[in-house]
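Presented below is the structure to which this report refers.
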Amino acid sequence: QVQLVESGGGLVQAGGSLTLSCVASGSIFGIAVMGWYRQAPGKQRDLVAYITTVGYTNYADSVKGRFTISRDNAKNTVSLQMSSLKPEDTAVYYCYANAKASLQGRPDDYWGQGTQVTVSS
């Protein structure tokens, strides 16, 4: 199994910055994609950004130009630098990984427990 643990959430004023981090541990035989999703109260969980092993990135339109995703393949970590935060960025942010937990197995999706980000106006 693969475990994901997020850190870095908190309360910040609009216009401020925050960095989220996530580390993957456990039985890992390659992580194809790492990323972040978020879920606001009463809404579905939506993609924020993801990054592949070779560094290809994709962002939700709502965060382009404000958020930057990066990863360290050697350390199995992914980070999300968030700037120019807006109240509508308030949500629980979930770390995501598509990873293989065994040499012979197929990749599967794994999720962290989530970290709260609150942006005050």
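The values are calculated or read from the model by the stated rules, or taken from the named source; none is laboratory data. The structure displayed is predicted, hence computed values, not measured ones. Because the Cβ atoms are built from the backbone with ideal geometry, glycine has one as well, and the counts that use them run over all protein chains shown. When the accessible area is computed, the model is the full protein with side chains, heavy atoms only, and any ligands, DNA or RNA have been set aside. Shrake-Rupley method; radii C 1.70, N 1.55, O 1.52, S 1.80 Å.
Give me the percent of the accessible area of the chain that comes from carbon and sulfur atoms, probe 1.4 Å, all protein chains in place. The value for the chain is 48 percent carbon and sulfur by accessible area. Using the alpha-carbon centroid of each, what span in Å lies between region 58-118 and region 23-45? Between the Cα centre of region 58-118 and that of region 23-45, the gap is 5 Å.
The residues neighbouring VAL78, those whose beta-carbon lies less than 11 Å from its own, together hold a net charge of 0 under the Lys/Arg +1, Asp/Glu -1 convention.
Karplus-based coupling profile of region 37-47, in residue order and whole Hz: 10, 9, 9, 8, x, x, 10, 7, 7, 10, 5, with θ = phi - 60° in 6.51 cos²θ - 1.76 cosθ + 1.60 and x standing for Gly or Pro. When Rg and Dmax are taken over the Cα atoms of the chain, they come to 14.1, 50 Å. Students often get this wrong, so check it: of LYS43/LYS75; LYS43/LYS64; LYS75/LYS100, which have C-alpha atoms separated by over 26 Å? In this structure, LYS43/LYS75 exceed 26 Å between Cα atoms. Rolled with a 1.4 Å probe across the full set of protein chains, the surface gives ARG45 an accessible area near 90 Å². Using heavy atoms of the protein chains and a probe of 1.4 Å, the accessible area assigned to TYR37 is about 50 Å². Residue order by solvent-accessible surface for LEU103, LEU4 is LEU103, LEU4, largest first, with ligands and nucleic acids left out and a 1.4 Å probe.
For VAL23, the solvent-accessible surface with a 1.4 Å probe is about 60 Å², rounded to the nearest 10. In the context of the full set of protein chains, the chain has a per residue accessible area of 53 Å² (1.4 Å probe).
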